[in-house]
Amino acid sequence: MIAVVLSLAAAIAFSLSAMLIAGLQGRVGPFQLGRWQMGLAFLMTAAASVVLGGWRGVTGDQFWLLAASSASGIMLASTTYFAAIYAVGPRITAVLFSLAAPFGLILGYFFLGEVVNGLQGAGIALILGGIVMAVMIADPGDRPTRPLWQGVVLGVITSLGQAGGSLLARPAMADGVEPFTAMAIRSGLGFGFYVALMVLPFAHAAQLPDLKGMRAIGGSAFLGIFLGMSLMMAALAVGNVGIVATLTSTTPVLILPLIWIVTGKAPALPGWIGAGLAVLGTGLISLGT
């Protein structure tokens, strides 16, 4: 039950962060965004880790698992995630991000021997069905800037990278690594990666973001990484990779009311039916835990 609550809280934080990132399209490049976001997130999570004393409990094996998790879930997945939002918008990207759930189940089954009981399986099916129903509707907030297939490719890579990052982090988190410390390691290495990319012409930014852009980047770092990713790490410490991946993939449903607020137009009825199916599925997962 704790893993369910933590995963859903992470999904809410991811939704809010995605809306902030979408507003940066055309003003801040994906590599520049990654560099600033990871740098700010590292400062936040490292400060929390120092206060909580989490650094003292990390072993060498745990560090390398989290480093591998950073390579998959931060260096790869975050880059393609930013690019996907810029290409096809936050709602479609959120649909594609939901693929992390089945990817997480498959990877968890093959590499960790995790199983899902019948009730949890039914809940996962309802959630995925609800996500599809909630997002496969036209929405005025979608303003693709690139062909849809490019966004699909970026989204699939993001989901696979995110699922791989969760899989690699799971043993370290189950072994007792403090969540903020785990994210400080992951975001710190991610920041180093984005800084190193500055030697490449396509990843170098000529100017700093303006004040409005920095506020959005700071907000996305706080919501998406300091809060959202740390909550997901805490969920992985006590929950199944597949279940956590599924619940954090409810972002497409949760983002609907945010689109309503931003655009002033309510999503169509299928979107709300999908949200109801997701809630029912969450209830089944809770009962089966």
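Assign one of three labels to region 157-198, namely rounded, prolate or oblate, based on the Cα gyration tensor with a ≥ b ≥ c the square roots of its eigenvalues; rounded applies when a/c is under 1.5, prolate when it is not and a/b is larger than b/c, and oblate otherwise.
oblate
For region 5-103, run through the trypsin sites (Lys or Arg not before Pro) and keep only the ones in DSSP coil with at most 15 other Cβ atoms within 10 Å of their Cβ.
Here the trypsin sites (Lys or Arg not before Pro) that fit, given the DSSP loop and packing criteria, are ARG27.
Roll a 1.4 angstrom probe over the protein heavy atoms and tell me the percent of accessible area of the chain that is carbon or sulfur.
So the carbon and sulfur contribution to the accessible surface is 75 percent.
Any chance you could look up the accessible area of VAL5 with a 1.4 Å probe, heavy atoms only, rounded to 10 Å²?
Taking all protein chains as shown, VAL5 has close to 80 Å².
State, to one decimal in nm², a quarter of the convex hull surface area for the C-alpha atoms of the chain, i.e. the direction-averaged projected area. Let's see the in-between values first.
Details: hull surface 57.0 nm².
Mean orientational projected area (the chain, Cα hull): 14.2 nm².
On a C-alpha basis, how far is the centre of region 44-100 from the centre of region 254-274 in Å? Whole number, if you could?
Here the two parts' Cα centres lie 27 Å apart.
Could you pull out every whole DSSP H run in the chain that spans at least 24 Å of Cα extent along its own axis and averages 0.0 or higher on the Kyte-Doolittle scale?
Result, helices passing both filters: 2-22, 30-52, 118-135, 148-174, 179-196, 269-288.
What whole-number value in Å² describes the accessible area per residue of the chain for a 1.4 Å probe?
42 Å²
The values are calculated or read from the model by the stated rules, or taken from the named source; none is laboratory data. Because the structure is predicted, anything quoted here is derived from the model rather than measured. Because the Cβ atoms are built from the backbone with ideal geometry, glycine has one as well, and the counts that use them run over all protein chains shown. Surface areas here come from the heavy atoms of the whole protein model, side chains and all, with no ligands, DNA or RNA. Shrake-Rupley method; radii C 1.70, N 1.55, O 1.52, S 1.80 Å.
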